[in-house]
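Participant: Below is one structure. I have some questions about it.
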Amino acid sequence: MGNQASKSGTKITPQDRAILDLKVQRDKVKQYQKKLQTLSSHEHRLAQQFLASGDRAKALACLRRRRYQETQLSQTDSQLANLEGLVSSIEFAQVQTAVVEGLRQGNAVLKEMHRQMDLASVERLMEETAEAQAYQRDIDEAIQTQMSREDQEEVDREMEKLEREVNGVQEDVPVSMPEAPTTEPAPISRPAEEATAARQQQEEETEQRTAVLA
């Protein structure tokens with residue numbers, strides 16, 4: 001087992017060895033209990049056989065041995081409980097030790113972090129941050145003062161467009177209307193004018209004849 005532990009890189013502590021020894025003793029006690037239980041059952045069967053054959057003395061001897069074995073069995077129960085209690089106590093102590101070690105390491109890390117981030121360093125960092133923000137504001141103001149009115153209006157329009165895109169608002173698209181005709185109507189051709197005048201003259205002559213006949 002030592003070779004296996006060294007090959008795997010796991011270090012066996014004295015607590016691990018103590019737990020292993022206690023578990024070995026516990027297993028031995030359990031094996032002894034099974035043996036006592038087997039012997040007790042055997043003595044009980046022998047007592048029944050001797051009593052059936054009329055040998056009462058041997059039956060009593062078997063029962064006495066069985067009683068002694070039961071007494072030893074009850075003693076092993078208390079021994080087994082003690083061994084299991086010791087194993088549990090050592091394992092729980094190992095857990096507590098690990099927790100305490102973790103807390104100790106955590107406190108050491110916190111102390112080191114606090115040492116690195118002392119009050120002076122934090123104040124200096126805050127001052128540097130404030131100076132950087134003020135410098136950025138100065139740059140923004142300088143850029144704004146150098147911009148023309150047209151540039152500023154273009155920036156404002158671009159900002160409005162960007163806000164609509166971010167907010168999911170669609171831009172209003174102007175509806176295109178048909179353009180009014182710019183050309184004058186085409187003049188009536190000469191033949192058409194002559195035909196119209198002839199028709200009107202014929203209608204006037206017809207009306208005159210009708211009036212004379214009347």
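Participant: Label segment 105-155 by shape, choosing from rounded, prolate and oblate, from the square roots a ≥ b ≥ c of the eigenvalues of the Cα gyration tensor; if a/c is under 1.5 it is rounded, and otherwise prolate applies when a/b is larger than b/c, oblate when it is not.
Facilitator: Taking the square roots of the gyration eigenvalues as a ≥ b ≥ c, segment 105-155 is prolate.
Participant: State log₁₀ I(q)/I(0) for segment 2-116 at q = 0.10, 0.11, 0.23 Å⁻¹ as given by the Debye formula over alpha-carbon point scatterers of equal weight, solvent excluded.
Facilitator: Here the Debye-derived log intensity ratios amount to -0.57, -0.63, -1.15.
Participant: Further question: Estimate the FRET efficiency between Glu84 and Arg64 by the formula 1/(1 + (r/R0)^6), using the beta-carbon distance for r and 30 Å for R0, to the nearest 0.05.
Facilitator: 0.45
Taken together, the values in this text are just the output of simple stated rules run on the coordinates, not laboratory data. No experiment lies behind these values; they were computed from the predicted model shown. With ideal geometry, Cβ positions are generated from the backbone for all residues, glycine too; neighbour counts draw on all protein chains shown.
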